[in-house]
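Each remark here refers to the structure printed beneath this line.
The values are calculated or read from the model by the stated rules, or taken from the named source; none is laboratory data. This is a predicted model, so every value here is computed, not measured. Here Cβ is always computed from backbone atoms with ideal geometry, including for glycine, and neighbour counts include all displayed protein chains. Accessible surface is based on the protein model in full, side chains and every heavy atom, while ligands, DNA and RNA are left aside. Shrake-Rupley method; radii C 1.70, N 1.55, O 1.52, S 1.80 Å.
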Amino acid sequence: MAFSLECRRCDRLASFLDEVRAKHPDYHARPVPSFGDPAARLLIVGLAPGMHGANATGRPFTGDYAGILLYQTLHACGFASHPESIAASDDLELRDCRITNAVRCLPPQNKPDGSEVNTCNGYLADELAVLPAGGIALALGGIAHKAVVKALALRQADFPFGHGAEFALPGNRLLLSSYHCSRYNTQTRRLTPAMFTAVVERARKLLN
């Protein structure tokens, strides 16, 4: 299922983006493409674009609070050339890493419904299809975790979500999971920088 910036398969999301584009004509306000090396061995899967983050900039986790911790950690672990993602036009490069989302369009209240996750799942399946042997899918949050399992046509009951969970996947690959690096999770201390760093460092160690 080839990704398209003009995708309008979800009526609710397409209509919402029309409204957002009218209010913010300078925003990307379309489906957000993946970012990074298509041949990367680490595929990070987030939930969906944020209103003033990826939806505005057109790059995953760029311009919003969640991206601060993500890119700082990726840089510290050798996956990014800089510790900050400012704009889609900056010179940031990901190294052996690619970032995508379970849902490519901004959802109202940052909450996609199940049908939207399912409709977008083919795009995620395409990303996972080229994740090489020895590669790792790092899911940020329970919805992203379940989306990865669904995209690989595996049984959800065999892959329960948990922070730091680690599962073998077909093709000699792995699924790692973390709580999402959202503002809510970090401010409530459900996810601390040390907890998040530990998961990304685990991915680094496994890939090395």
### Message
Suppose all protein chains stay in the model; what accessible area per residue would a 1.4 Å probe give for the stretch 77-125, in Å²?
### Response
41
### Query
With a Cα-only, solvent-free Debye model of the stretch 1-154, what are the log10 I(q)/I(0) values at q = 0.11, 0.18, 0.19 Å⁻¹?
-0.38, -1.06, -1.18
#### Entry: Cα centroid of the stretch 1-17 to Cα centroid of the stretch 158-176, whole Å
29
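Treating only the Cβ of Lys, Arg, Asp and Glu as charged (+1, +1, -1, -1), what charge dipole size does the chain show about its Cα centre? Round to the nearest 20 debye.
On the way: 22 positive and 19 negative charges, 104 e Å.
So the magnitude is around 500 debye.
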### Task
Can you find, among 92, 32, 157, the residue farthest towards the positive end of the dipole of the chain? Put +1 on the C-beta of Lys and Arg, -1 on that of Asp and Glu.
157
### Query
How big, in percent, is the set of alpha carbon pairs in the stretch 67-208 lying more than 24 Å apart?
31
### Reachable lysines, given that their alpha-carbon falls under 27 Å from the alpha-carbon of residue 205 and they are not under 8 places away in the same chain
146, 150
### Message
Looking at the chain as a GNM with Cα springs under 10 Å, which of 144, 133, 125 has the largest mean-square fluctuation?
### Response
133
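Leaving out ligands, DNA and RNA, what percent of the accessible area of the chain is carbon and sulfur, probe 1.4 Å?
Numbers: 5000 of 9440 Å².
Accessible surface attributable to carbon and sulfur in the chain totals 53 percent.
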## Note on the structure
Between the alpha carbon centres of the stretch 44-86 and the stretch 102-140 the gap in Å comes to 16
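Pop out the Kirkwood hydrodynamic radius of the stretch 1-69 from its pairwise C-alpha distances, inverse of mean 1/r, in Å to one decimal.
Working: mean 1/r = 0.0773 Å⁻¹.
With all distinct Cα pairs of the stretch 1-69 included, I get 12.9 Å.
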